[in-house]
1. Under the condition of being surrounded by fewer than 16 Cβ atoms within 10 Å (Cβ to Cβ) and not in a loop (DSSP other than H, G, I, E, B), which residue from segment 379-403 is nearest to the chain's Cα centre (by Cα)?
2. Scan segment 350-372 for residues that are more than 23 Å from the chain's Cα centre (by Cα) and not basic (Lys, Arg) and jot them down.
3. Among the residues of segment 349-373, how many are part of a loop (DSSP other than H, G, I, E, B) and closer than 17 Å to Lys326 by Cβ?
4. What number of residues within segment 295-318 satisfy the criterion of being farther than 12 Å from Val279 by Cβ and either among the basic types (Lys, Arg) or modelled with pLDDT under 95 (or both)?
5. Taking the options Gly124, Gly117, name whichever one is at pLDDT 95 or above and either in contact with a His (Cβ under 7 Å, 6 or more places away or on another chain) or not assigned by TED's automatic domain parsing to the domain that holds Met281 (or both).
6. Within segment 275-306, track down each residue that is surrounded by 24 or more Cβ atoms within 10 Å (Cβ to Cβ), of a type in the set (A, V, I, L, M) and not in a helix (DSSP H, G or I).
7. Take segment 116-133 and flag every residue that is touching a residue at least 12 places away in the same chain (Cβ under 8 Å), surrounded by fewer than 24 Cβ atoms within 10 Å (Cβ to Cβ) and of a type outside the set (A, V, I, L, M, F, W, C).
8. Quick check on my filter: what residues within segment 315-348 are over 18 Å from Gly366 (Cβ atoms) and either in contact with a strand residue (DSSP E or B) (Cβ under 7 Å, 6 or more places away or on another chain) or among the basic types (Lys, Arg) (or both)?
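The values are calculated or read from the model by the stated rules, or taken from the named source; none is laboratory data. Model, not experiment: these values are computed from the prediction. When we count neighbours, we look across all protein chains shown, and the Cβ atoms used for this are built from the backbone with ideal geometry, even at glycine.
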Amino acid sequence: MGHSAERDEADTNRRVEMTSGNLAFAEAMRQINPDVVAAYPITPSTEIPMRFAEYVANGDVDTRYVAVESEHSAITACVGASVAGGRVMTASSANGVALMHEIFPIAASFRAPIVFGLVNRSLGAPVNIHCDHSDSMPERDSGWVQIYCEDAQEVYDTVMLSVRLAEHPDVLTPVFVCQDGFITSHCYEPVEFLQDESVRQFVGTREPRYPLLDVDNPVSYGSFTMSEHYFEIKRNQIEGLNNVSRVYRELSDEYVALSGREYPMIDRYMTDDADYVVVIMSSATGVVKDVVDDLRREGVRAGCLRVRMYRPFPSGEVREALSGKKCVAVLDRSASPGGVAPLAAEIKSALYMSPDRVPVFDYIFGLGGRDFFPDDARRVFQDLMDMRYEDGARYIGLLEEDD
């Protein structure tokens with residue numbers, strides 16, 4: 001079969017390699033060539049700054065790489081470089097993210113468009129280096145965009161989109177690009193990369209607003225603010241997040257035209273006619289989709305809804321996707337001790353104004369990297385079909401359940 005001229009041109013615009021989520025992120029950084037990267041490596045995100053430092057040392061980029069003494073120093077340096085007008089990126093995980101916590105709201109309030117590779121890992125104690133979302137979820141109210149990726153291809157593409165999104169004049173908000181530690185970050189799979197020139201044309205160059213180093217138009221960052229102005233400043237910051245959904249859709253359409261790959265804020269898998277839907281995020285989605293396929297063959301109208309953009313939360317889209325269902329289960333890879341788990345809380349809030357009040361079951365799974373199997377997903381769907389509701393969250397895969 002012959003190829004069209006458009007297809008031939010598209011084929012020259014990309015290359016496919018076996019790589020991991022971490023290395024795909026680092027390759028995206030190389031192609032973007034940010035002005036400043038400040039980082040303090042921590043497992044399982046170590047490969048991102050390590051590989052990028054090699055690019056710097058080999059002269060593949062002209063980025064200023066800042067080796068610092070802690071994660072707190074890393075994010076502080078990133079904020080300083082960003083408000084000075086630079087395009088800035090970094091990465092971290094787990095306790096490193098926790099150490100940065102003080103600076104995250106400052107970065108958001110300064111409208112510093114940093115792109116941050118957050119490789120999800122559990123927070124101690126006890127010490128555990130494997131995946132759950134207990135490091136990113138505590139930052140859900142820090143004012144950053146949060147996007148959760150299912151695989152390495154999505155990590156790569158999301159970095160491109162995030163640079164444009166963060167720097168858009170209607171947004172000017174930092175972005176977390178999240179991927180599951182070791183599951184996505186270290187496992188190898190085929191990833192289709194764009195050519196360097198295509199990336200440069202897509203991301204363009206940053207045109208900073210109110211840069212600190214513009215001596216002809218002096219500005220101040222970090223000033224003390226009394227109540228006369230503080231409220232308005234925070235309201236202005238929130239408006240940047242409110243603009244994310246609109247701007248993201250515009251950028252997504254542009255990226256589809258370039259790459260052929262589309263990443264909506266929520267990923268609906270057989271949800272349109274589904275009676276029972278499982279809501280989940282990140283890498284475990286594939287397990288649920290496989291079980292959905294099996295159940296469909298058995299005559300059960302099952303579906304899977306993956307939340308890709310957690311902040312700002314796409315409540316309207318979620319409500320539309322889940323309204324009219326018989327029952328919904330929400331699977332959280334983090335807990336909120338004493339409260340409702342983060343994803344479940346958002347889903348329940350989104351459905352609160354739905355006229356049919358869809359029942360929502362809460363589940364917590366995969367803490368500390370505990371495996372999530374097809375039998376686990378099937379058990380959740382069986383609970384939905386049996387309407388076995390319990391007040392409070394249920395736990396999937398606890399050892400005592402296997403005894």
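1. Within segment 379-403, the subset surrounded by fewer than 16 Cβ atoms within 10 Å (Cβ to Cβ) is 382, 385-392, 395, 398-403.
Subsequent filtering for residues that are not in a loop (DSSP other than H, G, I, E, B) retains 382, 385-386, 395, 399-402.
Numbers: Gln382: 29, Met385: 31, Asp386: 33, Tyr395: 24, Leu399: 30, Glu400: 32, Glu401: 31, Asp402: 32 Å.
If we take residues in segment 379-403 being surrounded by fewer than 16 Cβ atoms within 10 Å (Cβ to Cβ) and not in a loop (DSSP other than H, G, I, E, B), then Tyr395 is nearest to the chain's Cα centre (by Cα).
2. Scanning segment 350-372 gives Tyr352, Met353, Ser354, Pro355, Asp356, Val358, Pro359, Val360, Phe361.
3. The total comes to 6.
4. Going through segment 295-318 one residue at a time, the tally reaches 4.
5. Within the list Gly124, Gly117, the selection yields Gly117.
6. Val277, Val278, Val279, Ile280, Met281, Ala302, Leu305
7. Selection gives Gly124, Asn128, His130.
8. Matches in segment 315-348: Glu317, Val318, Arg319, Ala321, Leu322, Lys325, Lys326, Cys327, Val328, Lys348.
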